[in-house]
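Below you'll find the structure I mean.
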Ligand SMILES: Nc1ncnc2c1ncn2[C@@H]1O[C@H](COP(=O)(O)OP(=O)(O)OP(=O)(O)O)[C@@H](O)[C@H]1O
Ligand SMILES: [Mg+2]
């Protein structure tokens with residue numbers, strides 16, 4: 001599903017964010033990206049949804065080589081990838097429903113489809129009763145659920161999350177993790193960068209550890225967590 | 001699908017216009033000014049061209065002869081002149097006729113006596129050409145004929161008029177270009193402001209894979225609305241102004257040949273409309289382009 005071959009990313013200012021990364025993630029996997037601040041986790045994630053382009057190497061998503069992608073093909077690839085951030089990036093003057101519906105409207109979907117998909121997805125994240133609220137009227141956890149709903153509503157094959165629990169308290173963080181696990185069990189490949197090691201410990205999923213732009217540990221094939 | 005998207009796009013554009021109403025109005029105003037200038041310049045140039053053409057066609061060549069010609073010689077010469085290429089008419093004014101004409105205009109009947117019986121006027125042919133551009137060539141040929149002392153035609157005046165319209169054309173182009181540039185800048189500024197205030201929305205649109213075209217549409221529509229509004233105001237001003245001017249000239253300065261051709265005026269107004277829309281579209285595409293690089 002996701003394949004990085006000998007990928008390096010050097011930013012224009014010379015920052016060497018990733019060096020010779022080889023990584024393969026199968027369909028349906030749940031993978032944590034961990035590592036110290038500045039290790040390159042966010043950079044790796046940006047390569048996946050082609051916010052950034054690798055300086056060297058190949059990034060292949062669902063058999064599409066992002067290095068050979070024409071600019072006008074980028075949106076088509078993004079429709080296959082849902083993205084969730086630490087800061088929620090919700091539109092403050094739109095309701096919960098509108099925020100989630102927005103992701104489909106801008107793809108030109110018709111009203112009926114938009115409504116059906118939005119309701120179904122809000123139900124999935126447990127926010128169907130709050131769909132008329134504005135983001136400012138929701139808790140952090142609820143806001144992040146809206147983001148997850150928005151990332152999922154177009155039924156992407158891959159869900160990418162960059163520190164989705166970073167701004168949440170323990171209880172809300174666990175709620176989000178439960179949700180991501182559920183989504184993963186429904187078949188979506190999940191990649192999540194995080195500093196929350198207790199969560200990583202608890203989830204017992206594959207862990208890829210990045211330090212100074214290199215993968216230093218990968219628990220693929222191991223049953224349990226690696227030493228953190 | 002198309003309908004929902006179109007509604008969304010139009011709504012976005014209108015909201016943007018409203019959000020920065022003063023900037024929007026300033027943009028509309030500059031578009032209006034540039035288009036008024038454009039329309040006026042085109043109409044003015046068309047009219048000067050018309051005036052030049054009319055006066056050109058009225059251009060005459062006056063040929064003064066040297067010595068005393070007999071009647072036969074004069075009529076031979078007249079026939080020779082009439083046979084020349086490009087000559088439309090040849091009218092003879094003899095020295096005697098010239099004296100009478102002069103006396104008539106001066107209100108005296110003793111001019112010859114006053115001058116001691118010597119007629120100072122030469123015989124004169126007045127020639128019109130079939131085409132104003134031939135005048136100079138004809139005049140030069142006549143100059144070479146023996147016995148011709150002087151040939152006079154509108155030397156200078158015509159050139160001055162043509163030079164003036166050329167000069168005016170360049171001034172017009174420069175002024176219109178400067179104002180168009182200013183309106184491009186202002187439209188861009190107002191659209192950029194709106195792009196910035198919608199940065200988060202655009203970020204999300206890109207994230208979920210909205211096509212670039214879809215993201216651009218609201219801004220394109222916004223630019224088009226600014227251009228169109230500016231153009232309509234300008235068309236109103238120029239259209240009404242010109243028809244009032246035509247009325248005025250036709251009733252009080254009837255000798256000036258104005259361009260009153262309906263189709264031409266409509267074409268000028270259409271040109272203004274299209275220019276306005278083009279300005280809006282170009283400005284919005286330029287200002288959004290930088291924000292939508294992948
Ligand atoms: N846009 C950018 N331009 C230049 N350098 C950048 C840019 N983004 C990141 N970097 C640099 O690349 C390196 C990796 O950054 P990255 O954001 O990927 O780290 P991270 O692992 O996500 O860190 P954190 O855990 O703090 O979020 C850092 O040294 C950072 O300064
Ligand atoms: Mg990061």
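The values are calculated or read from the model by the stated rules, or taken from the named source; none is laboratory data. Note that the structure is predicted; figures quoted are calculated from it, not measured. We place every Cβ from the backbone using ideal geometry, glycine too, and count neighbours over all the protein chains shown.
Might you let me know whether the range A:51-66 holds any residue that is away from ligand 2 (no atom under 16 Å from the Cβ), crowded, with 23+ Cβ neighbours inside 10 Å, within 11 Å of another protein chain (Cβ to nearest Cβ) and touching a residue at least 40 places away in the same chain (Cβ under 8 Å)?
no
Then there's this: If you check residue A:166 against the conditions, is it out of contact with any strand residue (DSSP E or B) (no Cβ under 9 Å at 6 or more places or on another chain), away from every other protein chain (no Cβ under 14 Å), within 16 Å of ligand 2 (Cβ to nearest atom) and within 27 Å of residue A:11 (Cβ to Cβ)?
Working: out of contact with any strand residue (DSSP E or B) (no Cβ under 9 Å at 6 or more places or on another chain): yes; away from every other protein chain (no Cβ under 14 Å): yes; within 16 Å of ligand 2 (Cβ to nearest atom): yes; within 27 Å of residue A:11 (Cβ to Cβ): yes.
Against the criterion (out of contact with any strand residue (DSSP E or B) (no Cβ under 9 Å at 6 or more places or on another chain), away from every other protein chain (no Cβ under 14 Å), within 16 Å of ligand 2 (Cβ to nearest atom) and within 27 Å of residue A:11 (Cβ to Cβ)), residue A:166 qualifies.
Between A:152, A:90, A:159, which is surrounded by 20 or more Cβ atoms within 10 Å (Cβ to Cβ), more than 16 Å from ligand 2 (Cβ to nearest atom) and at pLDDT 95 or above? If you could, list the steps in order and put the result at the bottom.
Values: A:152 fails: at pLDDT 95 or above; A:90 fails: at pLDDT 95 or above.
That would be A:159, the only listed residue that is surrounded by 20 or more Cβ atoms within 10 Å (Cβ to Cβ), more than 16 Å from ligand 2 (Cβ to nearest atom) and at pLDDT 95 or above.
So residue A:200 fits all but one of (1) within 16 Å of ligand 1 (Cβ to nearest atom); (2) assigned to a helix (DSSP H, G or I); (3) within 14 Å of the chain's Cα centre (by Cα); what number is the exception?
Condition (3) is where residue A:200 drops out.
Here's a follow-up. Out of the residues in the range A:35-49 that are more than 9 Å from ligand 2 (Cβ to nearest atom) and over 14 Å from the mean Cα position of the chain (by Cα), which is nearest to the other protein chains (Cβ to nearest Cβ)?
That would be A:35.
When both residues are 6+ apart or on different chains and their Cβ atoms are under 8 Å apart, which pairs have a first residue that lies in the range A:104-129 and is at the interface with another protein chain (Cβ under 10 Å from one of its Cβ atoms) and over 18 Å from residue A:82 (Cα atoms), and a second that is buried (at least 21 other Cβ atoms within 10 Å of the Cβ) and modelled with pLDDT of 90 or more?
A:113/A:104
From the list B:89, B:108, exactly one residue is in a strand (DSSP E or B) and either in contact with a helix residue (DSSP H, G or I) (Cβ under 9 Å, 6 or more places away or on another chain) or in contact (Cβ under 8 Å) with a residue 60 or more places away in the chain (or both). Which is it?
The conditions single out B:89.
Among the residues of the range B:151-192 satisfying the criterion of being touching a strand residue (DSSP E or B) at 6+ places or on another chain (Cβ under 6 Å) and surrounded by 13 or more Cβ atoms within 10 Å (Cβ to Cβ), which is modelled with the highest pLDDT?
Across the range B:151-192, the extreme among qualifying residues is B:151.
Select from the range A:10-34 the residues that are without any contact (Cβ under 8 Å) to a residue 60 or more places away in the chain and either within 16 Å of ligand 2 (Cβ to nearest atom) or in contact with a helix residue (DSSP H, G or I) (Cβ under 8 Å, 6 or more places away or on another chain) (or both) and write down the one among them that is nearest to residue A:62 (Cα to Cα).
Within the range A:10-34, the match that is nearest to residue A:62 (Cα to Cα) is A:11.
A follow-up question, please. Would you check if residue A:7 is in contact (Cβ under 8 Å) with a residue 12 or more places away in the chain, away from ligand 2 (no atom under 11 Å from the Cβ), surrounded by 14 or more Cβ atoms within 10 Å (Cβ to Cβ) and farther than 16 Å from residue A:214 by Cβ?
Working: in contact (Cβ under 8 Å) with a residue 12 or more places away in the chain: yes; away from ligand 2 (no atom under 11 Å from the Cβ): yes; surrounded by 14 or more Cβ atoms within 10 Å (Cβ to Cβ): yes; farther than 16 Å from residue A:214 by Cβ: no.
Taking the combined requirement at face value, the residue does not satisfy it.
Just for the range B:203-212: of the residues that are assigned to a helix (DSSP H, G or I) and in contact with a helix residue (DSSP H, G or I) (Cβ under 6 Å, 6 or more places away or on another chain), which one is nearest to the other protein chains (Cβ to nearest Cβ)?
B:205
Run down A:110, A:99 and say which single residue is farther than 26 Å from residue A:44 by Cα and surrounded by fewer than 18 Cβ atoms within 10 Å (Cβ to Cβ). Don't jump to the end; show me each part of the working.
Numbers: A:99 fails: surrounded by fewer than 18 Cβ atoms within 10 Å (Cβ to Cβ).
After applying the criteria, what remains is A:110.
A further question on this structure: Collect the residues in the range A:190-212 that are within 14 Å of ligand 2 (Cβ to nearest atom) and in contact with a helix residue (DSSP H, G or I) (Cβ under 8 Å, 6 or more places away or on another chain), keeping them in residue-number order.
Answer for the range A:190-212, where residues must be within 14 Å of ligand 2 (Cβ to nearest atom) and in contact with a helix residue (DSSP H, G or I) (Cβ under 8 Å, 6 or more places away or on another chain): A:191, A:192, A:193, A:194, A:196, A:210.
Residues of the range A:176-198 being over 23 Å from residue A:24 (Cβ atoms) and surrounded by 18 or more Cβ atoms within 10 Å (Cβ to Cβ), which ones?
A:176, A:177, A:179, A:196
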